[in-house]
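The values are calculated or read from the model by the stated rules, or taken from the named source; none is laboratory data. All values derive from a computational prediction rather than experimental measurement. Here the Cβ positions follow ideal geometry from the backbone for every residue, glycine too, while neighbour counts run over all protein chains shown. Accessible surface areas use protein heavy atoms only, side chains included; no ligands, DNA or RNA. Shrake-Rupley method; radii C 1.70, N 1.55, O 1.52, S 1.80 Å.
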Amino acid sequence: MNLPPISLRIRGRNFAGRVVFIALLLLAIFFGAAAGLIFVYSNDLPQVRALEDYRPSVVTELYSDDGQQIATFALQRRILLTWDQIPPVLKDAVTSTEDQHFFQHWGIDLPRVVEAAWRNVMHRRIQEGASTITMQLGGGLFLDRSDRSFRRKSQEALLAIQIERNYTKEQIFTLYANQVYLAHGNYGFEAASEFYFSKPVGQLTLTEAAMLAALIRGPGYSPLLYPKRALDRRNLVLELMERNGKITAQQMADARMEPLGLHVESMRNDLAPYYVEEIRKYLEGTYGTEAVHERGLRVYTTLNIDMQRAANRAVRDGLHAYDRRHGWRGNLPNILDGQHNTLEAYDDSDWHGPIVKGDYVDGLVLSAGENSATVKIGPYRAVLTPPDFAWTQHKTASEFLRPGDLTQFYIKEISGTSAQVEIEQDPGPQAALVAIDNGTGEIKAMVGGYSFEDSKFNRAVQAERQVGSSFKVYLYAAALEAGFTPFDTVLDAPYTVMSGGQPYSPHNYDDKYEGVITLRRALAGSRNVPAIKLAEKVGMNNVIDMARRFGITDPLPPYLPIVLGAADLNLLEHLSAFSVFPDDGVRIDPHMIRRVTTYDGTLLEQAHPKVHEVIAPDVARTMVAMLEDVVNFGTGVGAKALGRVSAGKTGTTNDFTDAWYMGFTPQITAGVWVGFDDKQNSLGKSETGARAALPIWLQFMQAADASLPVESFANVEPLEKLALTKQVKVDTPDTAPESPEEPADVGAPGDPTSPEKPPAETPPPVTTTQPTVTP
């Protein structure tokens, strides 16, 4: 046996020993460095036990009176899930895509780390990572995930190990499911499911679950912004699920053929934006901004969805009807004037939401010829024919339209990608509408203007406007309480009285005088001179005191013109006062919230509205009967088209700057105001409360009352029957007194008289042995 020389063997051993020594030294250095890095990186890591107290920002949700969600407030739109609420199909989609060994590893998936490292080396760039769900959770909660440094990755791994040691897999996955960002302001799978598919996660299909899992990669896969990229990513998720044995090959093949199937739920709070904004301001003032936008509240409101939709439609229809009466203004904006837009590329914010029959939507004129114009409205095309623009008084489309013009269109029908439309324009004036449930004081609908996006100013609660003759109800209520009856008479004749140290000569709207008339007739016909004489007899201080009892808080100087509507009131306060009459003399504070709870259901607030005794029941019932006369014979005769019992009062101010109608049925009290924001602008000749405001009220009430039973005012006797009990003789003439065709603004300078549409019918005059009001 030939052996190497001893010297060679010794040298070999020394070399091997050096190699081993160097290797051990390198390992020691490596592990020492690693230990040092771990110590350094872990020194400032947060304590993962903080997750026990972790409360993610959640959404504040508002619900209608029947429990439907109507709006949300949130910095991060998030709806929390429990483990049991997450369906298996979603769990499989997420783990197959993000962490297929989630239920086996201890926070770090070492095989995946090695695989990812090898692929990155082969491609000479960072092509994929190896973050587990636990690492993503820890990094998302405690670290800046945009930092791709070695330090951040090491801290993320250390956090994952800590989290796995302290929490179960179910807890970790649930936290992740509620925390992950899924584009368009949606955090967590429940919020995303409701946004993209209008359903809770428990109802997700395979393809929908795969789409949500695909969104984890980032907003760049949004199905709204990048549908092709989103579809490809969703199909990759399906392939991964099949590869991991979560679905069969046939299920994958079938699912890949399905479209994205989006049913996006608009979160623009556009059903009742003015109503929602009032609630937001109240909640922030009561509970604080953080509670509303981060901790989340459950707010159960009084809003009725059907009534609100009817209110929205009535206000828009009413303002467009007004605009048509006053003709085409022109001067349309054109996207091709001095801009870099093209007809093909133009996009409008109106086109991002659903477009349905009955909407008023911005449209773009693509072409205009002799007999027609072509219009683009989002995905739809419409051909505008002469009947569709006849009201503009133009015979051909090219006379007043050109390519690139933007204006509004009324959607008459939609079929496929085609729409039938009529041309409209942005209305000049504004309007407000509020509806209150008589029995509860709950505000059921509120519209504060034509467009919340254009103007956040809520004219239902913030505007102070002269109310015209609708103020007279406080005068007549004070007179009845003082002992007057509807059958007392007053002389309607020229009259001058001292008011505020100056002679004051009120005028009637028609500049005519009817002689001796009853108070019943004076109110129904909205006669101004009789109202001033009655106010002088009752006393202005008593009238103002009565208005205060009705809940009016605005300044009311004790001058006679106040009874004709010289005072500025806001719609909601004025409307709440009118509800006293159908409520038998009591006023229930109007309110918008039934109750408020925390996100977990702890009660924070319950509605207990105050009830105020304002007038005696018999006074209230008599006023209801007199206000029924306004509808049956007087200035509110247009409300008879409602087809059920109602009562109300019109109001119009000098120069037709404000138009009002305040009316009620046994169940609902609603009020409408129409006018320009600039108080100096007139609505135009003959634009009275009866013409401008009452049709809006009527359209709303026809829809609002449709689901309510037909009722009569409880315990209210017709005035004719009341006359018999008081032994008053009622004489019915064969013909009604002649009335002018149009109201006229004939008030004295500075006198806010109330010109009204003359009555179509006249209530019967009466002869009486009661004392008269005539001076």
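Could you tell me whether the range 592-638 comes out rounded, prolate or oblate from its Cα gyration tensor? Rule is a ≥ b ≥ c as square roots of the eigenvalues, rounded for a/c under 1.5, then prolate if a/b exceeds b/c, otherwise oblate.
oblate
Arranged from highest to lowest average of other beta-carbon atoms within 10 Å per residue, in what order do the peptides 428-439, 479-490 appear?
428-439, 479-490
For a protection proxy built on the mean count of beta-carbon atoms within 10 angstrom, sort 415-422, 545-552, 571-578 highest first, please.
571-578, 545-552, 415-422
Give me the one-decimal nm value for the distance between modelled label points at Glu399 and Val497, 7 Å along each residue's Cα-to-Cβ direction.
It is 5.3 nm.
In straight Cα distance, which lysines are under 29 Å from Lys679, not counting same-chain residues fewer than 8 positions off?
Straight-line reach from Lys679, under 29 Å: Lys281, Lys444, Lys456, Lys472, Lys512, Lys533, Lys649, Lys757.
If you take every residue apart from Leu238 with its C-beta less than 12 Å away from the C-beta of Leu238, what net charge results, scoring Lys and Arg +1 and Asp and Glu -1?
Value of the local net charge: -2.
Evaluate the range 651-699: find the radius of gyration of its Cα atoms, find its Kirkwood radius, and give the ratio Rg to Rh.
Result for the range 651-699 is an Rg/Rh of 1.03.
For an R0 of 51 angstrom, estimate the FRET efficiency from the Cβ-Cβ distance between Asn371 and Ser455 and round to the nearest 0.05.
0.85
Looking at the square roots a ≥ b ≥ c of the eigenvalues of the Cα gyration tensor of the range 433-479, which shape do they give, rounded for a/c under 1.5, prolate if a/b is larger than b/c, or oblate?
The shape class here is oblate.
What FRET efficiency, computed as 1/(1 + (r/R0)^6) with R0 = 51 Å and r the Cβ-Cβ distance, is obtained for Leu603 and Lys685, rounded to the nearest 0.05?
Working from the Cβ atoms, E equals 0.40.
Run the simple label-point estimate for Tyr282 and Glu170 please: 7 Å along Cα→C-beta, distance reported in nm.
Result: 4.0 nm between the two label points.
Straight-line reach only, C-alpha to C-alpha below 13 angstrom: list the aspartates and glutamates that Lys199 could link to, leaving out same-chain residues fewer than 8 apart.
In chain and number order, the partners are Glu190, Glu208, Glu265.
What dipole magnitude, in Debye to the nearest 20, does the range 431-584 give about its Cα centre under +1 on Lys/Arg Cβ and -1 on Asp/Glu Cβ?
Using Cβ point charges on Lys, Arg, Asp and Glu, the range 431-584 gives about 280 debye.
Antiparallel versus total DSSP beta bridges in the range 382-490: what percent is that, nearest 5?
If we restrict to bridges inside the range 382-490, about 90 percent are antiparallel.
Calculate, for the range 537-603, the solvent-accessible area per residue in square angstrom, rolling a 1.4 angstrom probe over the heavy atoms of the protein chains.
Each residue of the range 537-603 exposes 36 Å² on average to a 1.4 Å probe.
On full extension of the chain, what length is gained from Gln68 through Gln702, given 0.36 nm per residue of separation minus the C-alpha to C-alpha distance?
So the extension gain works out to 225.9 nm.
Taking a probe of 1.4 Å, how large is the accessible area per residue of the range 384-490, in Å²?
32 Å²
Gain in length, Gln85 to Arg217, computed as 0.36 nm per residue apart minus the alpha-carbon separation, to one decimal in nm?
Computed gain between Gln85 and Arg217 is 45.2 nm.
If you stretched the chain out fully between Arg595 and Arg243, how much longer would it get, using 0.36 nm times the residue separation minus the C-alpha to C-alpha distance?
Between Arg595 and Arg243, full extension yields 121.7 nm more.
For the range 376-402 and the range 537-593, compute the distance between their C-alpha centroids and round to whole Å.
47 Å
Students often forget the sequence filter, so: which lysines lie under 22 Å Cα-Cα from Lys357 once same-chain residues fewer than 8 apart are removed?
Lys376, Lys412
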